[in-house]
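The values are calculated or read from the model by the stated rules, or taken from the named source; none is laboratory data. From a predicted model like this one, the values you see are computed outputs, not experimental measurements. Neighbour counts are summed over all protein chains in view; Cβ atoms, including those assigned to glycine, are modelled from backbone coordinates with ideal geometry. The area values use the complete protein model at the heavy-atom level, side chains included, leaving out ligands, DNA and RNA. Shrake-Rupley method; radii C 1.70, N 1.55, O 1.52, S 1.80 Å.
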Number of protein chains: 2
Amino acid sequence: MEARVRLSDVAKAAGVSAATVSRVLRRPELVSPGVRERILGVIEELGYFANPAARALASARTNVIGILIPSLTNNVFADVLRGIYSVAQDSPYDLQFANTRYSNLEEENLLRVFLSQKPAGLIVTGTDQSPASRTLLKQASCPVVQIMETGDDPVDMMVGFSHVRSAHAATAHLVGQGYRSIAFLGARMDPRTRRRMQGYSRALEEAGLFDERLIVTTPRSSTVTLGCELLGLLLEKELNADAVFCNNDDLALGVLFECQRRRIAVPSQMGICGFNDLEMMAVANPPVSSIRTFRQEMGEQAIRMLIDRIEGRAVTTPLLDLGFELMVRQSSQRQLPPL
Amino acid sequence: MEARVRLSDVAKAAGVSAATVSRVLRRPELVSPGVRERILGVIEELGYFANPAARALASARTNVIGILIPSLTNNVFADVLRGIYSVAQDSPYDLQFANTRYSNLEEENLLRVFLSQKPAGLIVTGTDQSPASRTLLKQASCPVVQIMETGDDPVDMMVGFSHVRSAHAATAHLVGQGYRSIAFLGARMDPRTRRRMQGYSRALEEAGLFDERLIVTTPRSSTVTLGCELLGLLLEKELNADAVFCNNDDLALGVLFECQRRRIAVPSQMGICGFNDLEMMAVANPPVSSIRTFRQEMGEQAIRMLIDRIEGRAVTTPLLDLGFELMVRQSSQRQLPPL
DNA sequence: TTTGTGAATGAAAGCGCTTTCATTGTCAAT
DNA sequence: ATTGACAATGAAAGCGCTTTCATTCACAAA
């Protein structure tokens, strides 16, 4: 192991002081062009890499952007992460993820850990932080973006969409198709799932069709298999459900599979609408209706806003609603039954 | 903003020197129980958090474990990450991910960045690093685990399974079921996909059934929709394919959907076998055969081995083959056609 | 009592950078 | 020529820890 090249080695080799080398790296405009080029040459030649710890310690800040998401395995967050990544890749910032596992307490702890590092910025999920977390975020000396939801009380910046409105739209669509006994299937009842349930409930109340027995939920996290099971539970209740709005597409696909197995015709005997519009929904048989959400774009926008703020640029829209799109497909287009 | 609590603040409040506080944190056995308890109390009371930058700078090492994976959005890696997480959560180590995007060049760059931080350990994907990366890893002053594959020439430690053997088993199974024109569908031809293709080819050659025209691949990354398309491409070739082995389950599900649409009976007219055994495969109609791989366990083992090594414990099996399991389901169990 | 030993603690020197402040040199304005 | 302003650079003081080395003290052995 050869010793690491330090800033002072570069300085010595270039015949300048350490301060000047540091300036070349941090504020190159402060160094005369000739010296700057020479130093850059030496850096290249020696293969110098700044020690991030020393840098962070001396400057009392890092180039770390912390990201708190509830789950790594959920497709939704994977897409968001991809968006974040694609933008951050070309920036000088390092991303650091942490997984709150849908726990406000873990979130709070992780937040403290992150903040203790003086991150350049922070991305957190949702609006349902614990009061302590919220205070921490408010007092944070770095910009913060909340993602996945909209709301009128951002900690700092926010980008997402309305779960209530999108679920309302999906449910209203089912009502419009003539379904009368529309169930809600929900897994892992996180705040966003709850809001979707709210949108569902509101739409049915407006149509005079609400019946709480039609709501089937579980704290387990959602899978296709779970969709099959939840449909089974629903059918056991013998409420003559003729449609289901699923909290997400995994469940919706499971419902579709289970309907096939039980010879329940989709969409005539059972309408199905999912949530998130995973790519597979469009190629299932029949294709499954869903609410399209802009997950990757959400990630991209979040990190862009953050970087703009970090670098002192004005953020024109600190509260960004990306909306949603109802993708109507065969699974929810009922051929109206004969009277 | 209240000033951060420093080690020296704790020391002052506890009436001891900074060195002693540091010892309580790093090597508590060196401090007498009474003093230790008192200091821990003060730490708790003041809400002291060590500054990781200062710590790293002073000790010339970090508690960061770097993880290099090719993709964040792939289910497979998501499962591996979950495994890694579940173990690391209760350890003092911080995880830091980076995404190589299936590029050896990016991997090399990221490796340099990681190594410049003197990580406590490193997890990298696969065995196909560039020669330069391999050299970097060999010279690394920290333990390294390669995941996702087995091989006889590990950089340091390795945990995974044989893609060749598992694909061979899947293909041999299809042969055994009486299929005679077995296609291979592959997307994003990364090294592991290639090895699966090798296993497929070998099995068919052994059976005297190999025909390279039956191989349909694309550099695009795999989706269910792509499975539909690839099946379309295969059928256009009019080779009377009667089975497909898919590089992964996304493709396999797409093939199933496309068969349904084209009224191709599965498994009688078309056998299907996927790879990875995502949970949804078991509940599709018909259930789809697949190769089960132990992704989460792979992550768990990888980080365990790493931590054991970091902490100086002997690793009994530095080259761990987790194997695989052929999950035979209806999609590949042909009712043999009449003669 | 004296001595040696080891456990417990403190003093102080960095770790490799950044940044403030001081210094020097250059050039336009007077 | 003199002054002032500003650009370019260097000296040096930390940033908040860890760790080496020295010191103190208690206690067992002689």
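For every residue, the table says whether it meets (1) at pLDDT below 95; (2) open to solvent by 10 Å² or more (accessible area, probe 1.4 Å); (3) away from chain B (no Cβ under 14 Å); (4) in contact with a Gly (Cβ under 7 Å, 6 or more places away or on another chain).
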| site | (1), (2), (3), (4) |
| --- | --- |
| A:V113 | yes, yes, no, no |
| A:H168 | no, yes, yes, yes |
| A:Y179 | no, no, yes, yes |
| A:A183 | no, no, yes, no |
| A:R188 | yes, yes, yes, no |
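Table: residues versus (1) open to solvent by 20 Å² or more (accessible area, probe 1.4 Å); (2) within 14 Å of chain B (Cβ to nearest Cβ); (3) farther than 28 Å from A:S290 by Cβ.
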site	(1), (2), (3)
A:R134	yes, no, yes
A:M148	no, no, no
A:G151	yes, no, no
A:F161	no, no, no
A:R165	yes, no, no
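Got a sec? Which of A:A50, A:A88, A:A60, A:A56 is within 16 Å of DNA strand C (Cβ to nearest atom), within 11 Å of chain B (Cβ to nearest Cβ) and touching a residue at least 60 places away in the same chain (Cβ under 8 Å)?
Values: A:A50 fails: touching a residue at least 60 places away in the same chain (Cβ under 8 Å); A:A88 fails: within 16 Å of DNA strand C (Cβ to nearest atom); A:A60 fails: touching a residue at least 60 places away in the same chain (Cβ under 8 Å).
Exactly one residue qualifies, and that residue is A:A56.
Quick check: is even one residue across the range A:208-221 outside the structural domain of A:F77 (by TED's automatic domain parsing), buried (at least 22 other Cβ atoms within 10 Å of the Cβ) and over 25 Å from A:S71 (Cβ atoms)?
The answer is yes, given that some residue of the range A:208-221 is outside the structural domain of A:F77 (by TED's automatic domain parsing), buried (at least 22 other Cβ atoms within 10 Å of the Cβ) and over 25 Å from A:S71 (Cβ atoms).
Restricting attention to the range A:30-40, and to residues there that are touching a helix residue (DSSP H, G or I) at 6+ places or on another chain (Cβ under 9 Å) and either closer than 30 Å to B:A140 by Cα or open to solvent by 70 Å² or more (accessible area, probe 1.4 Å) (or both), which single residue is farthest from DNA strand D (Cβ to nearest atom)? Before you say what the answer is, go through the steps one by one.
Taking the range A:30-40 first, the residues touching a helix residue (DSSP H, G or I) at 6+ places or on another chain (Cβ under 9 Å) are A:30-31, A:35-36, A:38-40.
If we keep only those that are either closer than 30 Å to B:A140 by Cα or open to solvent by 70 Å² or more (accessible area, probe 1.4 Å) (or both) too, we end up with A:30, A:38-40.
On the way: A:L30: 5, A:R38: 9, A:I39: 9, A:L40: 12 Å.
Only one residue tops the list, namely A:L40.
For the structure I just gave you, tell me whether B:V76 is more than 15 Å from DNA strand C (Cβ to nearest atom), assigned to a helix (DSSP H, G or I) and within 14 Å of chain A (Cβ to nearest Cβ).
So B:V76 passes the test.
Across the range B:56-70, what is the total count of residues that are part of a loop (DSSP other than H, G, I, E, B) and either on the phi > 0 side of the Ramachandran plot or buried (at least 20 other Cβ atoms within 10 Å of the Cβ) (or both)? Don't jump to the end; show me each part of the working.
First, pick out the residues of the range B:56-70 that are part of a loop (DSSP other than H, G, I, E, B): B:60-63, B:70.
Then drop every residue that is not either on the phi > 0 side of the Ramachandran plot or buried (at least 20 other Cβ atoms within 10 Å of the Cβ) (or both), which leaves B:60, B:62, B:70.
Here the count works out to 3.
Restricting to the range B:22-38, what's the tally of residues that are part of a helix (DSSP H, G or I) and near DNA strand C (Cβ under 8 Å from one of its atoms)? Don't jump to the end; show me each part of the working.
Filtering the range B:22-38 for residues part of a helix (DSSP H, G or I) gives B:22-26, B:28-30, B:33-38.
From the residues that got through so far, the ones that are near DNA strand C (Cβ under 8 Å from one of its atoms) too are B:22-23, B:29-30, B:33-36.
Within the range B:22-38, residues that are part of a helix (DSSP H, G or I) and near DNA strand C (Cβ under 8 Å from one of its atoms) number 8.
Being more than 12 Å from DNA strand C (Cβ to nearest atom), open to solvent by 20 Å² or more (accessible area, probe 1.4 Å) and of a type in the set (A, V, I, L, M): is that true of A:A18 here? Full working, then the answer.
Values: more than 12 Å from DNA strand C (Cβ to nearest atom): no; open to solvent by 20 Å² or more (accessible area, probe 1.4 Å): yes; of a type in the set (A, V, I, L, M): yes.
No.
Could you give me the residue pairs with C-beta distances under 6 Å whose first residue belongs to the range B:119-143 and is at positive phi, whose second residue is charged (D, E, K, R) and open to solvent by less than 40 Å² (accessible area, probe 1.4 Å) wherever it lies, and which are 6+ apart or on separate chains?
B:G126/B:E149
For the range A:255-288, which positions are under 24 Å from A:R192 (Cβ atoms), charged (D, E, K, R) and part of a loop (DSSP other than H, G, I, E, B)?
A:D277
Could you check the range A:91-109 and list, in sequence order, the residues that are part of a loop (DSSP other than H, G, I, E, B) and either buried (at least 20 other Cβ atoms within 10 Å of the Cβ) or more than 12 Å from every other protein chain (Cβ to nearest Cβ) (or both)? Explain how you work it out, then say what you get.
Taking the range A:91-109 and keeping what is part of a loop (DSSP other than H, G, I, E, B), we get A:91-93, A:100-103.
Of everything in the range A:91-109, those that are part of a loop (DSSP other than H, G, I, E, B) and either buried (at least 20 other Cβ atoms within 10 Å of the Cβ) or more than 12 Å from every other protein chain (Cβ to nearest Cβ) (or both) turn out to be A:S91, A:Y93, A:T100, A:Y102.
Assuming B:N240 fulfils every condition listed in (1) within 14 Å of another protein chain (Cβ to nearest Cβ); (2) of a type in the set (S, T, N, Q); (3) not in a strand (DSSP E or B) apart from one, which condition is it?
Just one mismatch for B:N240, condition (1).
Please determine, by comparing only the residues of the range B:222-259 that are open to solvent by 10 Å² or more (accessible area, probe 1.4 Å) and touching a strand residue (DSSP E or B) at 6+ places or on another chain (Cβ under 6 Å), which one is nearest to B:H163 (Cα to Cα).
Among those residues, the one meeting the criterion is B:N248.
Mind listing just one residue for me: the one in the range A:41-55 that is within 14 Å of DNA strand D (Cβ to nearest atom) and part of a helix (DSSP H, G or I) and, of those, farthest from B:A56 (Cα to Cα)?
Here is the first cut: in the range A:41-55, the residues within 14 Å of DNA strand D (Cβ to nearest atom) are A:42, A:50-55.
From what is left, the residues that are part of a helix (DSSP H, G or I) are A:42, A:52-55.
Working: A:V42: 26, A:P52: 9, A:A53: 6, A:A54: 8, A:R55: 11 Å.
The extreme case among them is A:V42.
Please determine, by comparing only the residues of the range B:63-73 that are at the interface with chain A (Cβ under 10 Å from one of its Cβ atoms) and among the polar types (S, T, N, Q), which one is nearest to DNA strand C (Cβ to nearest atom).
So the residue we want is B:S71.
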